[in-house]
Structures are given as C-alpha cells and as structure tokens.
Amino acid sequence: MDHKEGFSEIFNKTLNPFLSTKNNLSEGVFKWWTHLQYERRSFGSYKETVEKVFQMFPQGPELTEPSPDRCRTCAVVGNSGNLNGSHYGPLIDYHDIIIRINKAPTKGYERDVGTRTTHHVMYPVSSSNLDNNTHLVFFPFKTSDLDWLVRSFTPRNQTEKNQRFLAKKDLVMILNPGFIRYVHHVWLKKKGMYPSTGFLTLILSLHMCDKVDVFGFGADRFGNWNHYFEKLKNKRLRTGNHPGNDEFKIIKRLQLQRKIHFYRGW
Ligand code: C5P
C-alpha cells in the first residue's frame with residue numbers, strides 16, 4: 001500500500017485467506033512459495049500433502065464479508081515490548097475474537113495482554129499446546145510445515161491414541177500460502193523477504209472481523225523491537241528479514257483511514 005492508494009484498491013474482500021481443497025494453490029503461486037524458504041519439493045508432492053491435511057483437518061471456513069451492520073470485534077495482539085505497562089488486559093479481553101501470535105504467553109502478563117485467546121497463530125518453530133477452545137491458525141511457509149502439522153496430530157503408538165495434541169483437530173485453520181503472496185505483493189509491494197507473521201495476521205483479521213483493534217505492534221519507546229515476554233538483551237534489536245518499518249507505516253495509514261484502531265502501547 002503506497003501513499004496514493006486507497007484501502008478499497010488494495011483490500012480484496014472476495015479473497016478467502018484459508019486453504020481448502022477448493023481454495024488451493026496454482027502451480028505458479030506454489031513456485032513463488034517454494035522460494036520463501038528455499039524448499040525443493042515438487043507441486044505433485046505438495047498436492048499429496050494437502051490431501052493428507054484435509055483427511056485430518058476441516059476445510060478452511062467460508063468467510064462472510066466484513067459488514068458495518070454486524071460487529072464482530074477483533075483484538076490482534078502482536079508481541080511487542082510496548083505492551084509492558086500498558087494495562088490493556090481488560091480491554092483486549094473484551095473483544096469477541098482475540099488473536100495471539102507465536103509464543104505469546106498470557107500467564108504472568110494478564111494485566112497488560114489479557115487472559116482470553118480465541119485464535120492462536122503458529123508455525124512449527126513457534127508452536128505450543130493450546131486449550132480446548134482456541135483455534136490453531138496454522139501459517140505454512142513450506143510444504144514440510146504441512147507435513148509437520150499432520151505428523152503432530154498423528155499418534156505414534158497405542159498409548160498416544162487418546163492423547164490430545166497441540167489443539168482440538170476441529171479447531172485447526174490453515175492459511176492459504178497464496179495469501180502470503182497477496183500480502184507481500186499487494187500490501188507490501190514486495191518489500192523485505194516476506195511479511196512478518198504479525199502483519200499477515202493483521203491483514204487476515206481485516207477479512208475475519210468487522211472491527212479490528214491492534215495491540216503490541218512496533219518498537220517500544222526506546223526504539224527496540226523486543227518482545228513483551230523477554231528481557232531485552234540486544235539493544236540494537238531490529239526486525240530481521242521482515243520489512244518491519246514498512247509494515248508499521250501501513251498500520252499507521254490504516255489507522256488514519258479508520259480501518260483499524262491502533263493502540264500504541266506504553
Ligand atoms: O516476534 P514474533 O514474530 O513472535 O511477534 C509476533 C508479531 O508481532 C511479529 O510478527 C510482528 O508483526 C509483531 N511485533 C512487532 N513489534 C515487536 C515485536 C513483534 O510489531 N517489537
């Protein structure tokens with residue numbers, strides 16, 4: 001999104017961000033995706049994996065378009081250190097949908113980040129066990145991430161048969177890798193290697209919610225891109241491979257256009 005473009009030119013409201021057998025990748029988009037993390041898998045092997053995925057998990061949900069007549073409120077909670085001392089907890093908990101990302105603990109941080117989580121975004125490296133009411137929103141960055149998801153829910157022996165895995169199977173939702181490309185190309189104009197998990201989540205929430213409130217994004221007041229749950233070790237911590245500053249500019253523009261409400265933290 002550059003400064004000349006309006007929201008409606010960028011936001012594709014007909015696009016379904018979730019993967020399903022109907023809403024699957026074309027070979028061209030698959031090729032783009034394999035470059036993100038330099039994976040050498042064929043399109044055929046990807047398709048076989050997707051078949052296994054949907055033998056195990058529900059198809060991506062059909063989404064209804066955001067509408068001003070209805071009000072599903074969402075809190076998108078990033079992991080910025082600017083949440084520390086914010087006292088946003090009760091405000092975050094007040095939303096219908098509360099989306100957290102990667103490690104994002106609540107225990108011990110309730111005053112600033114709240115207690116409820118309806119959706120938790122993860123990829124293999126950032127995964128943890130969720131409770132029975134929380135959707136696992138899985139972000140695949142390569143085919144082997146999808147294999148990992150299937151493996152993580154497959155009992156290895158009799159004793160594991162009744163075990164509960166990362167989350168309830170019925171509550172697993174999988175991001176369509178084509179959505180990553182859409183956000184990188186259309187929103188970020190290909191800046192950086194690819195979008196951060198948090199920025200993808202924010203744009204995803206524009207598709208899922210009628211009102212989006214954003215917390216925990218950007219640097220803290222000293223300019224560090226740290227996490228609220230970690231002691232800052234590296235005072236020159238910036239945003240790595242992701243175009244954090246460009247993402248932040250877009251967040252500010254969305255706020256100016258009143259498409260989101262951005263809570264800047266403390
Ligand atoms: O670091 P991690 O990716 O787990 O954090 C989740 C998301 O929160 C990031 O992808 C980023 O979009 C956002 N974040 C941020 N500023 C920080 C830390 C995280 O905007 N200081």
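Only the coordinates and a few stated rules stand behind these numbers; no lab work does. Keep in mind that this is a model prediction, so the values were computed, not measured. Every residue, glycine among them, receives a Cβ derived from its backbone with ideal geometry; neighbour counts consider all protein chains shown.
Summing charges over neighbours of Thr64, with a neighbour being any other residue whose Cβ is under 13 Å away from its Cβ, gives -1 when K and R count +1 and D and E count -1.
One quarter of the surface of the convex hull around the alpha-carbon atoms of segment 110-166 equals 4.9 nm², the direction-averaged projected area. A DSSP coil position with no more than 11 other Cβ atoms inside 10 Å describes the following chymotrypsin sites (Phe, Trp or Tyr not before Pro) in segment 17-125: Tyr38.
For a paramagnetic label modelled on His87 (point 7 Å from Cα along Cα→Cβ), amide N atoms under 18 Å away belong, within segment 244-266, to 263-266. Reachable lysines from Lys211, Cα under 19 Å, same-chain residues fewer than 8 places away excluded? In chain and number order, the partners are Lys13, Lys252, Lys259. Residues in segment 73-89 carry Karplus couplings, in order, of 8, 10, 10, 9, 10, x, 10, 5, x, 6, 7, 4, x, 7, 6, 7, x Hz; the curve used is 6.51 cos²θ - 1.76 cosθ + 1.60 with θ = phi - 60°, and Gly or Pro positions show x. Considering only beta bridges that DSSP places wholly inside the chain, some 10 percent are antiparallel.
With a sphere of radius 12 Å drawn around the Cβ of Asn16, what net charge do the other residues whose Cβ falls strictly inside it have (Lys, Arg +1; Asp, Glu -1)?
0
The GluC sites (Glu not before Pro) of segment 1-106 that DSSP puts in a loop, and whose beta carbon has at most 15 other beta carbons within 10 Å, are Glu5, Glu39, Glu62. For segment 116-180, trypsin sites (Lys or Arg not before Pro) are listed when DSSP marks them as loop and at most 13 other Cβ atoms sit within 10 Å of their Cβ; the list is Arg156, Lys161, Arg164.
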